[in-house]
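Q: Have a look at this one before I ask anything.
No value in this document is a laboratory result; all are computed from the given coordinates. In this text the structure is predicted, and so the values were computed from the model without any measurement. All Cβ positions, even for glycine, are placed from backbone atoms using ideal geometry, and neighbour counts span all protein chains on display.
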Amino acid sequence: MPVRRGHVAPQNTYLDTIIRKFEGQNRKFLIANARAENCAIIFCNDGFCELCGFSRSEIMQKPCTCDFLHGPGTSKLSITQVAQALVGSEERKVEILYYRKDGKREHCYG
């Protein structure tokens, strides 16, 4: 199956390798371009689309902070921690409440 990416995705065998490796492990993931404005999402797998209820075309080019998944119960502290982790160089573990497109709640750990 060919790998579909957004137009800001660098042609890179490293990305292709990551995608192929994680696709076979039943993981739900996205990849963002840290050099693009707002760290735009350049790839999301089918598992991620199923998890959040959005189509790939609705997700592509959105900021990787996934603010489109925030809802009334999403903690401001968790949102801040995710944003700080993306600009920093430290690994963080954050529990955050995201909402599917249909409004159902999904607890995520990242």
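Q: Would you kindly derive the ³J(HN,Hα) couplings of segment 49-59 from the backbone phi angles with the Karplus curve 6.51 cos²θ - 1.76 cosθ + 1.60 (θ = phi - 60°), listing them in order in whole Hz, with x for Gly and Pro?
A: Going residue by residue, I get 4, 5, 4, 9, x, 9, 7, 4, 5, 6, 8 Hz, with x marking Gly and Pro.
Q: Grab the beta carbon distance between residue 14 and residue 92, set R0 = 25 Å, and tell me the FRET efficiency rounded to 0.05. All intermediate terms of the calculation are to be shown ahead of the outcome.
A: Values: r = 23 Å, r/R0 = 0.93.
Calculated value: 0.60.
Q: Across segment 75-86, in residue order, what do the Karplus-derived ³J(HN,Hα) couplings come to in whole Hz, using 6.51 cos²θ - 1.76 cosθ + 1.60 with θ = phi - 60° and x for Gly and Pro?
A: 5, 4, 5, 5, 4, 5, 4, 5, 4, 5, 5, 6
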